[in-house]
Amino acid sequence: MDRYVCVHGHFYQPPRENPWLEQVEQQDSAWPFHDWNARITAECYGPNTSARILGDDGRIERLVNNYARMSFNLGPTLLAWMADHAPEVHAGIVEADRRSAQRFGGHGSAMAQVYNHAILPLANARDQQTQVVWGLYDFERRFGRPAEGMWLAETAADTASLEALAAHGVRFTVLSPYQAAAVRPLSGAASGPGTTADTADTADTADVAARVAGADAAAGWTDVTGGRVDPTRPYRVRLPSGRSIDVFFYDARVSQAVAFEGLLYSGDRLAERLLHAFGDREGQQLVHIATDGESYGHHHRHGEMALAHALHRLSNTDGVRLTNYGEYLERFPPTVEARIVENSSWSCAHGIERWRSDCGCTNGETGGQQAWRGPLREALDFLRDEVGPAFETTAARYLSDPWHARDRYVEVVHDRSPAHLRAWLGRHASRPLDEDATVEVLRLFELQRHAMLMYTSCGWFFDELSRIETVQILAYAARVIELAEQVLDLPELEEQFLVRLAKAPSNLPQFGDGRNVYEQLVRPTRSNFRKVAAHFAISGLFRTYGRTERVGCYEVERVDEHVSEAGRAKVGYGRITVRSTVTRAENAYEYGVMHFGDHNVLCGVRAAGSDPAYAAMCDDLAAAFDEANFPDTIRTLDEHFGRDAYSLRDLFRDEQRRLLETVLDSTLADVENTYRSIYRGRAPLMRFLAGIDAKVPPALRSAAEVVVNAELREALSNGDPDPSHVQSLIEEAERFSVALDADGLAHAFGELLDRVTLVVARAVDDDATFGVFGPEQVRVFTRLSTLLDIAETLPFDVDLAAAQNLAWRVRRERREGLDRRAADGNETARTWIDAIDRFTERLGFALA
């Protein structure tokens with residue numbers, strides 16, 4: 001067999017965590033999902049673990065894990081989020097790598113990635129090494145094996161980057177064909193690039209180029225610049241160190257067609273295009289493509305289904321075999337040597353200028369300039385270079401080799417348990433460290449971690465300085481500055497950084513430059529222990545906390561607490577300890593907080609003092625509030641805590657939104673009741689107007705829109721929605737041309753459907769349940785059936801993935817045993833089979 005196919009997906013999202021909380025906060029632009037990670041996981045990463053393959057009749061024949069039949073990489077920071085927030089998807093991806101190793105001769109399909117997607121040619125040597133070491137460690141911890149290949153962010157490469165990979169045992173990487181400079185048979189002499197560059201200072205440039213071309217030709221090199229390299233074979237790149245690394249240059253034409261030419265509208269079309277990419281030369285050929293993995297489901301809806309169908313068809317095509325890069329290299333080692341184009345990438349026609357200059361590469365969003373890219377990188381380089389020497393000097397007080405310890409700090413990032421931290425310190429500390437020294441060491445290495453995160457490539461990729469990706473890396477820079485203020489003697493560091501950042505011009509007049517972007521969008525998000533204490537104090541008036549609670553990456557311990565209520569007003573005061581789970585630093589605080597009703601909250605926080613002072617504060621607040629003297633209560637808060645007060649505005653975003661929903665519930669109910677009264681009172685008139693094709697006045701249509709959407713949301717979120725009621729509301733919406741909140745309603749109903757599916761899954765997974773099919777089993781299946789009835793009538797699509805995944809799992813894991821029991825005359829098994837068949841058929845599966 002000479003024809004092989006490999007599809008590579010680069011699945012990646014930038015880190016989105018608030019640097020002070022270590023958690024992703026709500027992102028409104030991702031609505032109706034909590035954040036973009038959640039949205040893209042639902043649209044792409046999850047569906048690719050269970051992609052549908054349809055038969056000719058349009059019904060589902062099977063579900064497949066695409067990752068198990070392709071090559072892929074996922075960013076370590078994305079996988080860390082996924083492990084916590086979508087563990088079933090994370091598990092499906094890890095399992096796919098295991099299954100792919102069985103399929104592809106012991107070679108798993110997963111590739112590692114440089115840690116946080118930094119552009120390695122623009123990184124200094126230390127950062128290059130740490131990015132590679134952290135990426136490889138993260139990979140091995142998740143996938144249980146060393147990585148064979150490693151993905152470079154934006155495929156940005158130079159010789160130093162390839163040296164960094166090869167030095168740590170990476171066998172291969174994937175590049176664009178436009179990154180290939182020259183090739184020759186591997187038996188040729190080892191000649192590094194640039195061997196005649198010493199003439200450049202004295203000779204005419206054209207003459208030098210001619211001499212280099214002549215020397216290359218004499219050494220057997222063939223120029224393949226401009227994407228002319230043969231992408232159907234692997235190449236070996238020999239490096240100045242004496243090491244080498246193998247490179248696959250992907251098929252650019254087919255890859256671009258996947259991303260931009262609609263190949264994913266049809267799995268057959270994708271398969272045909274891949275088959276037509278084989279060349280005429282004899283011998284083994286590998287047709288392989290590389291695209292953003294998000295093409296398969298996020299950028300192109302149902303793209304994962306097209307990919308699944310294409311891979312299925314290819315795997316059943318005579319003379320064609322699916323493979324991955326590791327297997328192909330073992331079977332067919334390179335016979336050709338290559339040199340790369342230095343400082344090149346797959347997403348910038350100018351090499352790597354997109355991440356350091358106004359090169360002209362844009363997304364076409366603003367139509368403005370990107371002159372901010374250079375000053376942004378210069379500001380970050382200044383920050384990195386300022387903190388580096390101070391870090392080394394300070395860390396040397398505690399550690400034998402600070403930079404080696406930084407390379408291994410990824411071990412702590414993965415496991416911050418006290419025992420694991422003690423073991424790590426035991427390997428790297430030059431002497432026993434007390435708690436204060438441990439806190440300082442952790443702050444030093446968190447400074448370094450954020451100094452790498454601030455180079456995440458997405459910060460430069462888009463058109464405008466104030467986009468969320470660039471604001472995110474500026475937030476990491478702010479965290480570096482804050483930690484430097486705590487552990488390094490670097491006065492005026494932030495001001496010096498901002499002076500440089502001010503040279504970065506924004507396209508938007510409300511910002512003007514990078515300094516204003518920082519002041520308006522980054523500084524307000526900064527946090528500290530005192531703000532965490534205020535957050536806990538305020539939210540504690542609206543919810544019941546345990547003795548110890550998590551607030552982001554902090555643990556808050558309730559030492560003492562008092563709460564009193566008077567009508568809509570409430571006052572609380574107490575003592576708490578706030579502890580960082582990242583740096584282990586902790587502080588004790590006293591607080592007083594008052595809620596006046598609605599959104600009006602006033603909170604004061606101070607460092608914990610003496611017991612008599614604390615007792616006096618408690619007594620004063622209790623006395624003022626017990627007399628219902630609210631002005632006096634406010635004055636008492638001012639006296640004890642000063643005028644530096646906190647409000648709902650200072651809460652972290654997720655809790656702020658949750659509390660505002662609570663506060664607004666009664667207000668919104670009143671507003672909706674007013675609209676409901678208008679709508680119900682005028683509905684006969686509106687129906688008459690609609691019946692004679694007369695225009696319904698906008699005011700009346702607005703009332704109908706509020707009421708119909710509210711009642712549909714309530715009906716579709718209810719545990720047992722009434723199909724007839726839902727249908728009547730949909731008919732009302734159609735009659736009055738009401739614009740339905742399709743995304744929000746579909747999301748709400750999908751969550752209900754997922755909850756009910758989980759109940760059915762528990763019934764199916766319980767061995768004891770399978771001994772009976774009584775009223776409870778009838779009830780749960782009937783409930784799910786009712787929801788599926790409703791889903792068929794809705795004028796928008798509902799995600800049935802969870803129910804379909806369950807149906808497929810039941811068929812694979814339970815059906816055979818049920819069939820045996822039914823064949824033996826077990827009527828309960830027969831009843832289960834009938835119920836499951838109806839269930840799976842309703843979900844679009846072919847029963848045969």
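Miscellaneous remarks
- In segment 499-553, residue surrounded by the most Cβ atoms within 10 Å (Cβ to Cβ) [restricted to those that are in a helix (DSSP H, G or I) and free of Cβ contacts under 8 Å to residues at least 40 places away in the same chain]: 515
- Any hit, segment 685-702, residues being in contact with a Gly (Cβ under 9 Å, 6 or more places away or on another chain) and hydrophobic (A, V, I, L, M, F, W, C): no
- Long-range neighbours under 6 Å by Cβ, at least six apart or interchain, first residue surrounded by 13 or more Cβ atoms within 10 Å (Cβ to Cβ) within segment 605-618, second small (Gly, Ala, Ser): 605/533; 605/534; 608/588
- Among the residues here, residue 83 qualifies as in contact with a His (Cβ under 8 Å, 6 or more places away or on another chain) and either over 22 Å from residue 311 (Cα atoms) or crowded, with 22+ Cβ neighbours inside 10 Å (or both).
- Checklist (1) under 30 Å from residue 30 (Cα atoms); (2) touching a helix residue (DSSP H, G or I) at 6+ places or on another chain (Cβ under 9 Å); (3) of a type outside the set (Lys, Arg); (4) in contact (Cβ under 8 Å) with a residue 24 or more places away in the chain applied to residue 654, failing item: (2)
- Residues of segment 362-395 that are charged (D, E, K, R) and in contact with a Phe, Trp or Tyr (Cβ under 6 Å, 6 or more places away or on another chain): 373 alone.
- Segment 370-407: number of residues that are in contact with a strand residue (DSSP E or B) (Cβ under 7 Å, 6 or more places away or on another chain) and under 22 Å from residue 458 (Cβ atoms): 2
- Residue 30 meets the conditions (1) touching a helix residue (DSSP H, G or I) at 6+ places or on another chain (Cβ under 9 Å); (2) within 30 Å of residue 328 (Cα to Cα); (3) modelled with pLDDT under 95 in every case but one. The failed one is (2).
- Residues that are assigned to a helix (DSSP H, G or I) and charged (D, E, K, R) within segment 628-650 comprise 632, 635, 638, 639, 649, 650, listed in sequence order.
- Subset of segment 50-68 that is under 21 Å from the mean Cα position of the chain (by Cα) and closer than 15 Å to residue 803 by Cα - its residue that is surrounded by the most Cβ atoms within 10 Å (Cβ to Cβ): 51
- Subset of segment 280-296 [at pLDDT 95 or above and more than 20 Å from residue 347 (Cβ to Cβ)]: 285, 286, 287
- When each of 588, 615, 624 is tested for being farther than 24 Å from residue 532 by Cβ and modelled with pLDDT of 95 or more, the lone residue that passes is 615.
- Segment 111-154, subset touching a residue at least 60 places away in the same chain (Cβ under 8 Å) and part of a loop (DSSP other than H, G, I, E, B), residue surrounded by the fewest Cβ atoms within 10 Å (Cβ to Cβ): 124
- Verdict on residue 443 being within 26 Å of the chain's Cα centre (by Cα) and in a loop (DSSP other than H, G, I, E, B): no
- Checking each residue in segment 554-596 for being surrounded by 14 or more Cβ atoms within 10 Å (Cβ to Cβ) and among the acidic types (Asp, Glu) picks out 555, 557, 561, 586, 590.
- Contacts under 7 angstrom Cβ, first residue in segment 287-310 being closer than 17 Å to residue 261 by Cβ, partner part of a strand (DSSP E or B) and hydroxyl-bearing (Ser, Thr, Tyr), 6 or more apart: 303/296; 307/296
- Flag if residue 713 is within 21 Å of residue 788 (Cβ to Cβ), in contact (Cβ under 8 Å) with a residue 12 or more places away in the chain, under 40 Å from the mean Cα position of the chain (by Cα) and not assigned by TED's automatic domain parsing to the domain that holds residue 793: yes
- Some residue of segment 696-704 being charged (D, E, K, R), surrounded by 12 or more Cβ atoms within 10 Å (Cβ to Cβ) and touching a helix residue (DSSP H, G or I) at 6+ places or on another chain (Cβ under 7 Å): no
- Only listed residue being out of contact with any Phe, Trp or Tyr (no Cβ under 8 Å at 6 or more places or on another chain) and hydroxyl-bearing (Ser, Thr, Tyr), chosen from 525, 548: 548
- Applying the criterion of at least 2 residues that are under 27 Å from residue 37 (Cβ atoms), within 29 Å of the chain's Cα centre (by Cα) and assigned by TED's automatic domain parsing to the domain that holds residue 148 to the strands (runs of 3 or more DSSP E) found wholly in segment 231-326 leaves 285-292.
- Check on residue 621, in a helix (DSSP H, G or I) and in the same structural domain as residue 536 (by TED's automatic domain parsing): yes
- Residue within segment 369-390 that is at pLDDT below 95, at negative phi and surrounded by fewer than 19 Cβ atoms within 10 Å (Cβ to Cβ) present: yes
- From 62, 98, residue being at pLDDT below 95 and farther than 17 Å from residue 297 by Cβ: 62
- Considering residues of segment 16-33 that are out of contact with any Phe, Trp or Tyr (no Cβ under 8 Å at 6 or more places or on another chain) and in contact (Cβ under 8 Å) with a residue 40 or more places away in the chain only, the residue surrounded by the most Cβ atoms within 10 Å (Cβ to Cβ): 20
The values are calculated or read from the model by the stated rules, or taken from the named source; none is laboratory data. Given the structure is predicted, the values throughout are model-derived calculations rather than measurements. Positions of Cβ are backbone-derived with ideal geometry, glycine not excepted, and every protein chain shown enters the neighbour counts.
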